[in-house]
Amino acid sequence: EFYNETQAKMFLQFYEQTAEVVLSEFMEATWDYVTNITRLNRENMLQKEVERSQFMLYFGTRARLFKTDHFQDPSVKRMLSKLQNVDKSALPTEELREYNRLLTYMETTYSTAEVCLDEGPCLSLEPDLEEVMATSRDQKELLWAWQGWRDAVGRQIRPFFDYYVHLSNKAAQYNGYEDMGALWRSKYESDTLEEDLKQLYEELQPLYLNLHAYVRRSLYRYYGPELINLRGPIPAHLLGNMWAQSWDKILDLVLPYPKKPPEDITKIMKSQHWKPEKMFHEANIFFTSMGLLPAPPDFWIKSMLERPADGREVECHASSWKFYRRDDVRVKKCTEVTIEDLLSIFHQMGHIQYFLQFQNLSIIYQEGASPAFEEAVGSAITLSASSYKHLLTRGLLGQQHQDSEEEVNFLLGIALEKIAFIPFSYMIDVFRWKVFDGTITKNLYNQEWWNHRLKYQGLCPPVPRSEEDFDPGAKFHIPASVPYVRYFLSLVLQFQFHEALCRAAGHVGPLHRCDIFNSKVAGKMLGDILKLGSSRPWQEVLREMTGESSPSTKAFMTFFKPLLNWLVNENVKQGDILGWPDYSCSFEEKS
Ligand SMILES: O=C(CCC(O)(O)[C@H](Cc1ccccc1)NC(=O)c1ccccc1)N[C@@H](Cc1ccccc1)C(=O)O
Ligand SMILES: [Zn+2]
C-alpha cells in the first residue's frame, strides 16, 4: 500500500503519458466503426476496446492502493478517485467481450434498422421516418411509422436486454456500486440527487399540465373525439415526434394565433441554398463572436457532417467526439437543411467548445463538470440562437417586429420543445434505474414502460402493446446505454446559464428576447467555466457562474411566465381539466 503523495503524483504522470496512445487508438477505432459499419471495423473496435479496458483496469486497481487521507493536494485525491471508477472494464475479459458484443449489437440494430413499404423503398429513421412523424397529419400513416419502427428495433433488442442489465449490474458491483443505476448517479457527486431531481420535476409540473391540456384540446379539434379523450392521455403517435419527446413539429396544429403564423425558417434556409457545412460555420461564428474558440482545421477535414453518399452504413444519431491529440475534435451528424438541424448543430458545437476549452487539463479532468453541464452548454447557446432577435440578425427572418400575439406564438413554439421534454427526460432514467435495481423485472418491461409514459407524460400507446414489444428500445439512448437524466437536469441548467450569460451581456427586458451573440463578456464568463472541466465539483462551478450552487427552475419559469399566464387563461376559457383522470386511450377497454 502506498502512503506517499510524491509517488501518487508520479503514478498520475505515468497515466497521462501512456493514456494518450491507448485512448486515441480506441477512439479512432470506434469512430471508424460508427462512420462505416462493417464487420471488419467492428472486430477492430472490439479489440481496441479490450485493450483500453485492460489499460483502465491496470491503473484503476493501482489507484485504489494509495491511502490519500493525509495528502496535501486535493487534486491528487480527486484524480485518484476518478481513476478508480473503471465502469465496464471491471468485468472479467470473457464477460467484457460478451458485454461489448451485446452493446454493439443493440446500438447497430438501432442504427441500421429501416421500415419497408409493402412493395418498394425502405425508410430509415433519419430523415425518412422522422419526416413522416413530423409532417404527416394522417393518423394511419403516423401509426404505420410509429409501429413499424418499434417492430424493427424494439422487438429485435428485447431478447438481449435483461442480459445487458445483468452484465451492467455486475460491472457496477465490481466498481463498488449496488447496480448500474447507482454507478450512473454517482457521476453527480450528490447523495440527494434523486430527491433534488424529483423536486425540480414537481416545480415544473404546472407548466407541463397546462401545455398538455392545451395541446390535447387542439388535437381534439383536429383529429376528433374518436381519437382524443379530453379527460384522458394523448395517443403517442400524434405529437410530431417518434418518441413524443418534443412537440414543436405540430406547432401549426396548436398555434394560438393562426392568423399570424411564424415564418418557415427551413424554407428560407433552402431558398438561400444553405448546405450542412454552412450550418456548422453559422454555429462556429456564434461561438467566435463571443471570443470563444473556433473549430480547428481538423474539425472541417475529419468530421462527418452529413450522411455519406456512397451507401455506407453509419450511425446517424448526432454526437461530438474528442481525440487525444491536440485540436482533433469532430462531429458526426446526418445533417438535413432544416431549422431543427441548425439548432441541433449549436448543441453539438457546445460539446466541441467544451472539448477545446478543457484540453489543457489532465486527461482525467477532460470532461464536463457533470454530464448535465456537457448537455447544457450547447443548449444554452441554442436559446439565444433560436431567439427572434438572433434569427433576424442573421437574415433568417424577414419581418421587423413581433407583436404580442406573434410573441405568444413564438413562446409556444419554444414551449413545445422544452416544456414537453420535461417529463420525457425525467422518466427515461426513473424507468431504467428501476430496471437496474430490480424493481422492474424483465416480464414487465413494456407494461411498466407505458405505466411511466402515462404517469409522467400523460401519453398512451395508439395500439395495444404486449411483452413481445420493447418500446423503450426504440429510443437511441436505451440500446446505446447512454444515460438520459443529464438532459432533464440540462433543461433546468440551460435556462440558468442563459439568464447568467444574458445578465453578463447586459441584456435588459424579457429573458426570451435575449441574444448573447457578439458578447465578449458572456464569452469570457462561459470560457472560464468550461476551462475547469471536471476539476471542481459541479456545484462549485455552478455557483461561480450563476451565484447559485444548486439547479433552480427560477430562470425556466421566468422565461415562460408570459406563456403560462396565456395557457392557464386559455384552459379555463375552454373548461379543460389538467391531467388525465381517464387513464386509458380509446381502444383500451375501460375497467
Ligand atoms: O441525444 C441527443 C444529442 C446527442 C448528444 O450530443 O447528446 C450525444 C449523445 C451520445 C451519443 C453517443 C454516445 C454518447 C452520447 N452526446 C455527445 O455527443 C456527447 C456527450 C458527452 C460528451 C461529449 C459529447 N439529444 C437528446 C436530447 C435532446 C437534447 C437537446 C435537444 C433536443 C433533445 C435526444 O435527441 O433525445
Ligand atoms: Zn449532447
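What to note about this one:
- The stretch 295-308, subset open to solvent by less than 70 Å² (accessible area, probe 1.4 Å) and either free of Cβ contacts under 8 Å to residues at least 24 places away in the same chain or charged (D, E, K, R) (or both), residue nearest to Gly395 (Cα to Cα): Trp300
- Residues considered: Ile345, Ile381. Of these, the only one that is within 20 Å of Lys302 (Cβ to Cβ) and either away from ligand 2 (no atom under 16 Å from the Cβ) or out of contact with any Pro (no Cβ under 8 Å at 6 or more places or on another chain) (or both) is Ile345.
- Evaluating Ile428 against the criteria (1) over 25 Å from His281 (Cα atoms); (2) within 16 Å of ligand 2 (Cβ to nearest atom); (3) touching a strand residue (DSSP E or B) at 6+ places or on another chain (Cβ under 9 Å) leaves one unmet condition, (3).
- Members of the stretch 195-221 found to be more than 17 Å from Thr553 (Cα to Cα) and surrounded by fewer than 16 Cβ atoms within 10 Å (Cβ to Cβ), listed by number: Arg221
- Among the residues of the stretch 487-526, those identified as assigned to a helix (DSSP H, G or I) and open to solvent by 10 Å² or more (accessible area, probe 1.4 Å) are Tyr487, Glu499, Arg503, Ala504, Leu511, His512, Arg513, Lys520, Val521, Lys524, Met525.
- Exclusive hit being farther than 22 Å from His477 by Cα and modelled with pLDDT of 95 or more, set Ser186, Ser190: Ser190
- Residue within the stretch 215-228 that is under 18 Å from Tyr487 (Cα atoms) and either of a type in the set (Phe, Trp, Tyr) or under 24 Å from the mean Cα position of the chain (by Cα) (or both) present: no
- Residue in the stretch 435-444 that is among the β-branched types (Val, Ile, Thr), within 16 Å of ligand 2 (Cβ to nearest atom) and open to solvent by 10 Å² or more (accessible area, probe 1.4 Å) present: no
- Considering Lys82, Lys88, Lys77, the condition of being of a type in the set (Lys, Arg), without any contact (Cβ under 8 Å) to a residue 40 or more places away in the chain and in a helix (DSSP H, G or I) is satisfied by Lys77 alone.
- Residue match in the stretch 365-372 (condition: within 12 Å of ligand 1 (Cβ to nearest atom), open to solvent by 10 Å² or more (accessible area, probe 1.4 Å) and touching a strand residue (DSSP E or B) at 6+ places or on another chain (Cβ under 8 Å)): yes
- Candidate set from the stretch 373-398 (those that are more than 10 Å from ligand 1 (Cβ to nearest atom) and among the charged types (D, E, K, R)); member that is surrounded by the most Cβ atoms within 10 Å (Cβ to Cβ): Lys389
- Total residues in the stretch 174-203 satisfying the condition of being assigned to a helix (DSSP H, G or I) and either aliphatic (A, V, I, L, M) or more than 19 Å from Arg97 (Cβ to Cβ) (or both): the figure is 18.
- Candidates in the stretch 477-486 are the residues that are crowded, with 20+ Cβ neighbours inside 10 Å and closer than 17 Å to Ala244 by Cα; of these, the one that is nearest to ligand 2 (Cβ to nearest atom) is Tyr484.
- Of all residue pairs spaced 6 or more apart or on separate chains, none has beta-carbon atoms under 6 Å together with a first member in the stretch 317-329 that is at negative phi and a second member that is assigned to a loop (DSSP other than H, G, I, E, B) and near ligand 2 (Cβ under 10 Å from one of its atoms).
- Index of the failed condition, Ile478 passing every other in (1) of a type in the set (Val, Ile, Thr); (2) in contact with a His (Cβ under 7 Å, 6 or more places away or on another chain); (3) within 12 Å of ligand 1 (Cβ to nearest atom): (2)
- Among the residues making up the stretch 18-73, those that are touching a Leu at 6+ places or on another chain (Cβ under 8 Å) and over 19 Å from Lys88 (Cβ atoms) are Phe66, Thr68.
- Residue within the stretch 315-335 that is in contact with a helix residue (DSSP H, G or I) (Cβ under 9 Å, 6 or more places away or on another chain), under 30 Å from Ser190 (Cα atoms) and open to solvent by less than 20 Å² (accessible area, probe 1.4 Å) present: yes
- Restricting Leu200, Leu211, Leu253 to those that are within 16 Å of Leu411 (Cβ to Cβ), in contact with a helix residue (DSSP H, G or I) (Cβ under 6 Å, 6 or more places away or on another chain) and hydrophobic (A, V, I, L, M, F, W, C) reduces the list to Leu211.
The values are calculated or read from the model by the stated rules, or taken from the named source; none is laboratory data. Everything quoted here is computed from the prediction, not taken from an experiment. Here the Cβ is made from the backbone with ideal geometry for all residues, glycine too, and neighbour counts use every protein chain on show. The accessibility values were calculated without ligands, DNA or RNA, using every heavy atom of the protein model including side chains. Shrake-Rupley method; radii C 1.70, N 1.55, O 1.52, S 1.80 Å.
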